[in-house]
Amino acid sequence: MTELPDIWRAELWHPLTVHFPIALLVFAMLTRLANRFIGKSIGWLLNTSRLLLYTGTVFAWLAVYTGNLADTHVARSLCDPTVVEHHERLSYITGWIFTSAVLLDLIRLLPLKFLDWIQKSWKEWLIIVLLIAGTSYLGYTSHLGARLVYQQAAGVHQPAEDCQEFE
């Protein structure tokens, strides 16, 4: 009788971590947009957006790390490995876009006079543009991840034809 593979395989850490940045970063963009278009800046909405952005960016890099762990186990079994290469390249771009938004947002904490040329309004619009671009990349990167799982069974255990391992 064959046994089921261990649930704590390295390639399964990626799906455990990847859904956090997807949810957190999409809501970071939505709350930042809501704060901007309500007409007046609402402190709690802006702080919520910041918390979602910072936490989501940390989880995005964690997802990149666990994706690299999964790649060493999964890439050999794929019919079209170019999809995983494209997925990986876009995940790095996505991570750097959101990291740029975090760094731009953190500039407000620096008491440096030479940064005064970045007016608050312009900086806020640039952060919003980065969040929209990052969310777009995040969506397409997620789509490629779904293609890997649902079209090529990346990291998915294929049971025996007679399902012997479930008995």
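This table checks each residue for (1) closer than 21 Å to Ile127 by Cβ; (2) part of a helix (DSSP H, G or I).
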position: Val18; (1), (2): no, yes
position: Ala28; (1), (2): yes, yes
position: Arg36; (1), (2): yes, yes
position: Leu52; (1), (2): yes, yes
position: Phe59; (1), (2): yes, yes
position: Val64; (1), (2): no, yes
position: Gly67; (1), (2): no, yes
position: Asp80; (1), (2): no, no
position: Val84; (1), (2): no, yes
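Anything in the range 1-41 that is at pLDDT below 75 and either within 12 Å of the chain's Cα centre (by Cα) or surrounded by 13 or more Cβ atoms within 10 Å (Cβ to Cβ) (or both)? List them, or say none.
Arg9, Ala10, Glu11, listed by residue number.
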Open item on the list: Given (1) over 22 Å from Trp13 (Cα atoms); (2) among the β-branched types (Val, Ile, Thr); (3) modelled with pLDDT of 75 or more, identify the lone condition not met by Ile118.
Closed with: (3)
- [ ] Could you grab me the full set of residues in the range 57-88 that are of a type in the set (Asp, Glu) and closer than 16 Å to Gly134 by Cβ?
- [x] none
TODO: Could you please let me know if Leu104 is at pLDDT 95 or above, surrounded by 15 or more Cβ atoms within 10 Å (Cβ to Cβ), among the hydrophobic types (A, V, I, L, M, F, W, C) and in a helix (DSSP H, G or I)?
DONE: no
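The values are calculated or read from the model by the stated rules, or taken from the named source; none is laboratory data. Please read all numbers here as calculations on a predicted model, not as lab measurements. Positions of Cβ are backbone-derived with ideal geometry, glycine not excepted, and every protein chain shown enters the neighbour counts.
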